[in-house]
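Since the structure comes first, as structure tokens, the remarks are kept for the end.
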Ligand code: ARG
């Protein structure tokens, strides 16, 4: 018998890909010789935004800035738990100025914003499970975010941060390899993590929905879940079947253009947790 999966209303932040291009290479998915169709990217992004709104969620829109082609990947701009924002500090100079744009948004909206002293790429490398062990932060390192930022996030947010080492450059952010399906359940591709981190994940999350390399390569782990619905890249049909078998409702969306930047659904969506 599959479990009843209940949705919870969410607040999200997204940024339209008006200035999206692939003009530098900071992950293995990016190739500057591949042309990007900005109009199609905008259409696909808008469809994703509408999908989240139609599911009953609130979506705030961050104004995009010229010269920041990766700003569409709004998940990287901060990590919000219980009304406090642990700000981002990007690893690569090409994205550094995005942090200030996010900061301005949060401060204008009255969120408590804590500026980081350590390199971290927001929800790209941080996930939050409010009902796992009273509230647990999962934190990736190895490619972008520094482990020192995990400790800082724990200090700022007052929740234990569990450090997980990423070992496959194709899955350079935690959110390409692991996702929260609801407040206590994760799904992940074990091969993206070191053997020790796989051991940690098995211990903490014996009920996890396990994914495979094909799921991860189709950006199937880069999903947004509200507890019932799982919005994910339409190429990830295997992953859609897995979450359906676990009692969730897959909601596929087309995001082929943004994949050229090395991201999909989750990368485009930051969750603002009150
Ligand atoms: N081109 C961007 C980068 O490499 C993609 C970011 C994807 N975002 C994410 N949350 N995984 O920084």
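The values are calculated or read from the model by the stated rules, or taken from the named source; none is laboratory data. None of these values were measured; they are calculated from a predicted model. Note that we place each Cβ from the backbone using ideal geometry, even for glycine, and neighbour counts take in every protein chain shown.
Output yes when any residue across the stretch 26-42 is away from the ligand (no atom under 16 Å from the Cβ), surrounded by fewer than 16 Cβ atoms within 10 Å (Cβ to Cβ), farther than 20 Å from residue 233 by Cβ and at pLDDT 95 or above, and no when none is. No.
Listed by position, the helices (runs of 4 or more DSSP H) inside the stretch 189-274 whose residues that are in contact (Cβ under 8 Å) with a residue 60 or more places away in the chain and more than 14 Å from the ligand (Cβ to nearest atom) number at least 1 are 195-204, 237-245, 256-259.
Suppose the filter is at negative phi, buried (at least 22 other Cβ atoms within 10 Å of the Cβ) and within 14 Å of the ligand (Cβ to nearest atom); does residue 168 pass it? Considered against the rule, which asks whether it is at negative phi, buried (at least 22 other Cβ atoms within 10 Å of the Cβ) and within 14 Å of the ligand (Cβ to nearest atom), residue 168 comes out as no. Taken over the stretch 62-82, residues that are away from the ligand (no atom under 16 Å from the Cβ) and either surrounded by 17 or more Cβ atoms within 10 Å (Cβ to Cβ) or without any contact (Cβ under 8 Å) to a residue 12 or more places away in the chain (or both) amount to 1.
Being free of Cβ contacts under 8 Å to residues at least 40 places away in the same chain, under 18 Å from the mean Cα position of the chain (by Cα) and outside any helix (DSSP H, G or I) holds for only one residue in 85, 59, and it is 85. Can you report the number of residues in the stretch 117-141 which are within 16 Å of the ligand (Cβ to nearest atom), free of Cβ contacts under 8 Å to residues at least 40 places away in the same chain and in a loop (DSSP other than H, G, I, E, B)? Qualifying residue count for the region: 1.
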